[in-house]
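Notes follow once the structure below has been shown.
The values are calculated or read from the model by the stated rules, or taken from the named source; none is laboratory data. Only a predicted model underlies this, so the values are computations on that prediction, with no experimental measurement involved. Heads up, the Cβs are rebuilt from the backbone with ideal geometry, glycines too, and the neighbour counts pull from every protein chain shown. Side chains included, ligands, DNA and RNA excluded: accessible areas come from the protein's heavy atoms. Shrake-Rupley method; radii C 1.70, N 1.55, O 1.52, S 1.80 Å.
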Amino acid sequence: MSKVETKMSKQTKPTETKKKLNVLIVDDDAINRTLHARIINQIGGVSKTAGNGEEAVILHRDGNASFDLILMDKEMPERDGASATKKLREMKVTSMIIGVTTLADNEEERAAFMEAGLNHCLAKPLSKENLLPLINHLLDA
Amino acid sequence: MQRQVALIKQSLFDQGYLDEQFMELEELQDDANPNFVEEVSALYFKDSARLINNIDQALERGSFDFNRLDSYMHQFKGSSTSIGASKVKAECTKFREYCRAGNAEGCLRTFHQLKKEHSTLRKKLEHYFQLARQAGPKETARRPK
């Protein structure tokens, strides 16, 4: 490989996560669940979905759920993202949890969501461009 | 015919019906999921029809529960954002502002406009997808500036 080719290959952005991830997508919006599942699929992962925070908690209740990553929407009926995250952490769930907010959420609202036990927050709509580098960064940490 | 399809799609961006998020959807489409964008669009119009019906019923009752209306519109705005439905999203934002101001007349006026934009977008996208299927593998339009 020439020096130019080596340099270019080093600069090539990754297209998949550093390890194959098992992801739980928690969102009350069917379109977001579909989109996020497709993004996860494209970056090499597999996913399961839950329609709200309460469903996410129930999935973990028997102790057999094992997700590498949870994408947790903030505003949901039954149980919102902050409450679900707090509950999962109390249940000793160690999955990476990325909170999914909206651009309308202010700094205080995002900080309160982070306080519930998130690893990070991202504003929707999610994309490969914003999700993949974050996931790989969290995997490195 | 592919050129016609590309021109139709570009016009949807140029006229402000769609924004860059629609391009993000296209990037999620591949040989294994060749109809992903059309499937997501269909899901959006099915879901949003339900929300429009809920809001219609709430408004017809006459007593304006602004919290409930705002909640419906929060959902509507979220899914419109996810698909890149720019004009619909803008009307959702206006509606929510009227909800917060307790302005019933503003809500009614904006909702009427929202339904118009939604219906126009649905027709344009249905036409676009129909032509795209006839034309075969899609071209990708240039990103809007």
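Points to keep in mind about this one:
- Euclidean distance of C-alpha centroids, segment A:16-82 and segment B:25-50, integer Å: 19
- Out of every Cα-Cα pair that the protein assembly as shown contains, those further apart than 26 angstrom amount to 50 percent.
- Square roots of 5 times each gyration tensor eigenvalue, C-alpha, segment B:25-142, largest first, Å: 32, 12, 12
- Extension reserve of the B:GLN130-B:THR93 stretch, reckoned as 0.36 nm per residue once the Cα distance is removed: 10.3 nm
- Each chain gives up part of its surface: A and B jointly bury about 1400 Å² of accessible area, both sides summed, for a 1.4 Å probe.
- Rolling a 1.4 Å probe across the protein heavy atoms gives chain A an accessible surface of 53 Å² per residue.
- Computed over protein heavy atoms with a 1.4 Å probe, the carbon and sulfur contribution to the accessible area of the protein assembly as shown reaches 48%.
- Annotation: for a label point projected 7 angstrom from Cα along Cα→Cβ of B:ALA104, residues of segment B:59-83 with backbone N closer than 16 Å are B:59-70.
- Contact residues in segment B:18-35 by the 30 Å² criterion (accessible area, 1.4 Å probe, full protein complex versus chain alone): B:GLN21, B:GLU24, B:GLU27, B:LEU28.
- Dividing the helix sum by the residues of the protein assembly as shown, where each DSSP H run of 4 or more adds -39500 (n - 2.57), gives a mean residue ellipticity at 222 nm of -19500 deg cm²/dmol.
- Per residue Cα convex hull volume in Å³ - calculated over segment A:51-141: 99
- In the structure shown, the pairs A:LYS74/B:LYS115; A:LYS48/B:LYS87; A:LYS87/B:LYS77; A:LYS128/B:LYS116; B:LYS87/B:LYS123 are assessed against 21 Å; a Cα-Cα span above that value is assigned to A:LYS74/B:LYS115; A:LYS48/B:LYS87; A:LYS87/B:LYS77; A:LYS128/B:LYS116.
- Heavy-atom surface of chain B, accessible at 1.4 Å and reported per residue (Å²): 52
- Spin-label model, B:ILE8 to A:ARG110: label points 7 Å out along the Cα-to-beta-carbon direction sit 3.9 nm apart.
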